[in-house]
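The values are calculated or read from the model by the stated rules, or taken from the named source; none is laboratory data. These numbers were taken from a predicted model, which means no experiment stands behind them. All Cβ positions, even for glycine, are placed from backbone atoms using ideal geometry, and neighbour counts span all protein chains on display.
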Amino acid sequence: MEALIDTTNLKSIITFIHIAGLAMGVGGAWILDAMLLKDLKNQVLTSERYDVIQFVSNIVISGLCLLWLSGLAFVAFYYFYQPEYLGNEKVWAKMAIVFILSLNGFLVHTYVLPELKRAIGSALFDVLPHKKITPIIAVGVISFISWMFPIVLGVSKSLNFSTPAWQIISFYLAILTTTLGFTHIIFHRYIMLEKKPQPISFE
């Protein structure tokens, strides 16, 4: 029995939960982003499609919960068995990003999904003004970048015990801000053009 609960097996269990949370979160978030992007391009949002979006968003939230569970379990494990790992600031940077993911998930369920539900039966551009579509796109961008970053940090072993948390978070915020700005420009220059009426030709 003791062999089943030794530190190696315990850490493996926590790691498995952590990877499962990432897989659910990343897969669900990127599928959700793709669906929303497709719906923004003047496709009518059906009730069936909304149900799928809501289901996928619940998978993302479940993955987020697993990330918190495994992340706190890692902190407890390090505290009791490997306290030196608490000095690895990459751990704290990842938790800060997961906190941002949690806030973004809250916005998905309190703002994005209700707005989509009100748009059922119509194209989003027909019922949602620009000031409401822009935050929806921003939430999607934050979700995409923020779910990708924990994976990047996980495979970047060179950052262990060598890079301060503030540098990692600053780089993350720089990437996020740049992507948000670029997406905003693309949205205005290309997608919003589809709402403009075409000039009448008398030829």
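Please verify whether PHE149 is among the hydrophobic types (A, V, I, L, M, F, W, C), exposed (fewer than 13 other Cβ atoms within 10 Å of the Cβ), in contact (Cβ under 8 Å) with a residue 40 or more places away in the chain and in contact with a Lys or Arg (Cβ under 9 Å, 6 or more places away or on another chain), treating the condition exactly as stated.
Against the criterion (among the hydrophobic types (A, V, I, L, M, F, W, C), exposed (fewer than 13 other Cβ atoms within 10 Å of the Cβ), in contact (Cβ under 8 Å) with a residue 40 or more places away in the chain and in contact with a Lys or Arg (Cβ under 9 Å, 6 or more places away or on another chain)), PHE149 does not qualify.
Residues that are small (Gly, Ala, Ser) and either within 14 Å of ILE13 (Cα to Cα) or not in a helix (DSSP H, G or I) (or both) within the range 69-100 comprise SER70, GLY71, ALA73, ALA76, listed in sequence order. When residues in the range 31-88 are screened for being of a type in the set (D, E, K, R) and either closer than 17 Å to ILE142 by Cα or in contact (Cβ under 8 Å) with a residue 40 or more places away in the chain (or both), 3 of them pass.
Among residues of the range 154-203 being within 30 Å of ILE136 (Cβ to Cβ), polar (S, T, N, Q) and part of a helix (DSSP H, G or I), the one that is modelled with the lowest pLDDT is THR183. Just wondering, is there one or more residues in the range 140-157 that are more than 21 Å from TRP30 (Cα to Cα) and either more than 15 Å from the chain's Cα centre (by Cα) or not small (Gly, Ala, Ser) (or both)? The answer is yes, given that some residue of the range 140-157 is more than 21 Å from TRP30 (Cα to Cα) and either more than 15 Å from the chain's Cα centre (by Cα) or not small (Gly, Ala, Ser) (or both).
From the list VAL52, VAL44, VAL75, the lone residue that is touching a strand residue (DSSP E or B) at 6+ places or on another chain (Cβ under 6 Å), over 15 Å from PRO150 (Cα atoms) and surrounded by fewer than 19 Cβ atoms within 10 Å (Cβ to Cβ) is VAL44.
Taken over the range 89-112, the criterion of being within 20 Å of PRO135 (Cβ to Cβ) and without any contact (Cβ under 8 Å) to a residue 24 or more places away in the chain is satisfied by PHE99, LEU103, PHE106, THR110.
Report yes if ILE120 is part of a helix (DSSP H, G or I) and within 21 Å of ILE137 (Cβ to Cβ), otherwise no. Against the criterion (part of a helix (DSSP H, G or I) and within 21 Å of ILE137 (Cβ to Cβ)), ILE120 does not qualify.
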